[in-house]
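A short write-up of the structure that comes next.
Quick note: the coordinates plus some simple rules give every number you see, no bench work behind them. Because the structure is predicted, anything quoted here is derived from the model rather than measured. We place every Cβ from the backbone using ideal geometry, glycine too, and count neighbours over all the protein chains shown.
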Amino acid sequence: MKSGKLLRHLLALVGYALLTVFFCRPISSHLSTHIIGPCGGESSVGLWSIWHFDYAVKVLHSNPFWTDHQYWPYGANLILHNYSPAAGLLGTLLMSALNIEATYNLLFMSSLVLAGYGVFLLLMDWEVDWKAAFAAGLVFAFSPVMDNELIVGGGLDRMGIHTLPFFVWTFSRAIRDGKLRDAALASLCLTWVWGYQYKYFLFCMMLVPFFFFCLNKPIRLSAPARPQTPMLRLACRIIEILATLALALALRSVWGGQPSFRGSGDFHALATYVAPYLAFWGLLGARLLIRRSFHVEFDWKTINRHSLTPYVSTLGFWTLLNLPMIASVVFFMHSGDYGGPNKPWRGGGGAFNPLPMFLPSLTHPLWGDWMRSLAKMRHLALLDSYSLGLVALAAAAWLWRHPRKDRWVSLWFAGFVFSFAMTLGPWLKVLSVHTFLPLPFYFIHLLPIFTNLQNGMNFNVFETLFLALLFGASLHEMMRRLPAKAASWAAAAALGLLAFELYPAKRDIYPLAPSPLFHRLAKRPDGALLTIPTGAVFDALDADGNRGLVPDLREQIAHHKPRVGGFLGRISARTYRTMLKDPYWMGLVAAQSGGEVPPALPPATRGWWPTTSRKSMSRISSWTLPIRLPRSSGQSQAGNCARSTKKDPYDFMSAAEKHHNATGTHGHRPDPT
């Protein structure tokens, strides 16, 4: 690399680093005491993942892909849990000198820096002007999507975004240049994506055939008008009448209020409810088939050794690199340890409104509060989605109106449309109205492994990535058409508009700070904790099929004790089913709904059990009861619970009153902060 190009790359890295510090302010002055974004919920799961990897490796000297700190005493493997071994490995190295807060913050901030630089690197390799490439990196790394995640606490889910532009860059190079070296680099990047976030990995795997079909076009679809005969016209009129009736029934259900479809209801009830919607869309499709004649043509010449080599090489190298992990996943899925949710036909969660994606950001410090209050007053469903950024969308629209004969730009447009459709979820939703028009995500969600995807919103980073590439290509094209001086002013204007639109509000930062109770529990030599209310979650659904709550897992980082029950979504189905068959544990769950407390509880602990209903208990902070964990000489505590407690895994400590007398925590509810 020439000295001039090297200097630009170094300046770009420094620029992204400085902007990241500003974007995440004021965390730089509280790096080791606070966390970016809220600590609870999903963020606490990310913190727990980093802590557990470090604790398993350094303290337990055990496999970090297994835990019995959750779902004790049965434990669970974490192969397909929303786990990040790459972040855990880096965290283990950093936590040799830093605490968990500083480690988490540095990993998150470094991901933003590398995310911007990855886009810069890709566009520079495609000979885009460096100013346009730098601006495109800003669109991706500091988009309204990331701004929203910092506010709501996306945590570990977004910590791996930097891996995506590097994979797209190396894989595109392998296709463009046909070199095995680039295919090997692409396989390394794909491995890195998998190590950070398996949801992103699944989408990257979809991009491999998607790139092939978009660039080589082996299939061509044409739809010329069909000659209309009297019989076809009559059929169209009948279909239109039936479609009108189906639409009337659908509108009637809209007027009566639509369910949220977050887990309630059985197949027959939901099928009956959505039947008018599906009938309407099916009739429209039938009318289209009558009016148009669809022809599919295959161009077999595009499928040859030369065109397939980069794709096969990338996947082949990746397979060799990941044989142990691939074998583990195949084994656990084949053995029934992992499977789809109990009701895969649900489509994997709710749909999302497309309208907010084309509006100004709801998190902007100037107009965000006003737009949110307006949405609430007008009952507009704008708060369940995010903005893509008007500046980037306007640039992409300009490029669409002034197209370049560039197959890569066409690929980025196709990638944006595909990821946009995937982001919307299983069906189309307009404002707060579910239309139940099936979208690609619904059908992909039914495939093996893909059933673990909760909703399409996980793919909004790909949507933003392709939009950033289009923004860079658009700005480069504008600058190319202008004189040199005017081109520099155009770049400056684009950067100014981006700075105005992406300007972040001051962040709320949060101390990790679990309750002092949990620090006192850490001093106890042995024991597991029963948290009230207790429960278990698989695929984010609880035992009744309702969407499970994500509790705060920070306390386990403080006390290091195993926990009865568990709330790690997408864990082993075998563990979940085993717990549901355990009569004692199910007795504890039933007690939360007003049932009798299991008689095996010693009198001292029975007095601690709340008498409130399950509904009200879901709103209180967790209570804790200590349970005796049998000692295992010469072996780690968490590595042997499941094997050493088969006879009586729920033997409560008979000296619980001593704990009360020593700590004064009888009936204590931890500070919700």
Original post:
Within the set K5/K131; K405/K485; K561/K581; K2/K131; K179/K405; K58/K523, which residue pairs have Cα atoms separated by over 22 Å?
Top reply: K405/K485; K561/K581; K179/K405
**OP:** Could you list which residues have their amide H under 5 Å from that of L530, counting only those 5 or more apart in sequence or on another chain, with H placed in the peptide plane?
**Re:** V564, L625, I627
Original post:
So what is log10(I(q)/I(0)) for segment 188-303 at q = 0.12, 0.14, 0.17, 0.18 1/Å, when the Debye sum runs over its Cα atoms only?
Top reply: -0.83, -0.93, -0.95, -0.95
Subject >> Pairs of Cα atoms farther than 17 Å apart, segment 411-460, % >> reply: 35
**OP:** Beyond 14 Å, what share of the Cα-Cα pairs of segment 435-500 is found? Please give it as a whole percent.
**Re:** 72
Original post:
On full extension of the chain, what length is gained from L7 through T309, given 0.36 nm per residue of separation minus the C-alpha to C-alpha distance?
Top reply: 105.2 nm
Subject >> Alpha carbon convex hull of segment 79-173, projected area averaged over orientations, nm² >> reply: 7.3
Subject >> From phi via Karplus (6.51, -1.76, 1.60), per-residue ³J(HN,Hα) for segment 429-441 in Hz, x at Gly/Pro >> reply: 10, 10, 6, 9, 9, 7, 8, 6, 6, x, 10, x, 4
**OP:** Please give the peptides 274-287, 126-139 ranked by average Cβ packing (other Cβ atoms within 10 Å per residue), highest first, as a rough proxy for protection.
**Re:** 126-139, 274-287
Subject >> segment 405-525 shape via C-alpha gyration tensor axes, a/c threshold 1.5 >> reply: oblate
Original post:
Could you list, bin by bin from short to long, the percent of Cα-Cα pairs of segment 131-211 in 5 Å steps?
Top reply: 3, 14, 21, 21, 20, 14, 5, 2, 0
Subject >> Protection-proxy order for peptides 323-333, 84-94, each taking the mean of Cβ atoms within 10 Å per residue, highest first >> reply: 84-94, 323-333
Original post:
Residue by residue, what Karplus-based ³J(HN,Hα) values in Hz, rounded to whole numbers, does segment 418-426 have, using 6.51, -1.76 and 1.60 with θ = phi - 60° and x for Gly and Pro?
Top reply: 5, 5, 4, 5, 5, 5, 5, x, x
**OP:** Using amide H atoms built 1.01 Å from N in the peptide plane, name the residues 5+ places from I36, or on other chains, whose amide H lies under 5 Å from its own.
**Re:** none
**OP:** Highest first, please rank the peptides 107-118, 402-413 by the mean number of other Cβ atoms sitting within 10 Å of their residues.
**Re:** 107-118, 402-413
Subject >> Square roots of 5 times each gyration tensor eigenvalue, C-alpha, segment 174-221, largest first, Å >> reply: 22, 17, 4
Subject >> For segment 224-233, Karplus couplings with θ = phi - 60° (6.51, -1.76, 1.60), whole Hz, Gly/Pro x >> reply: x, 5, 8, x, 9, 9, x, 5, 5, 5
Subject >> Compactness index (Cα Rg / 2.2 N^0.38 Å), segment 1-113 >> reply: 1.29
**OP:** Report, by chain and number, residues whose modeled amide H sits under 5 Å from the one on W66, excluding near sequence neighbours (fewer than 5 apart, same chain).
**Re:** L78
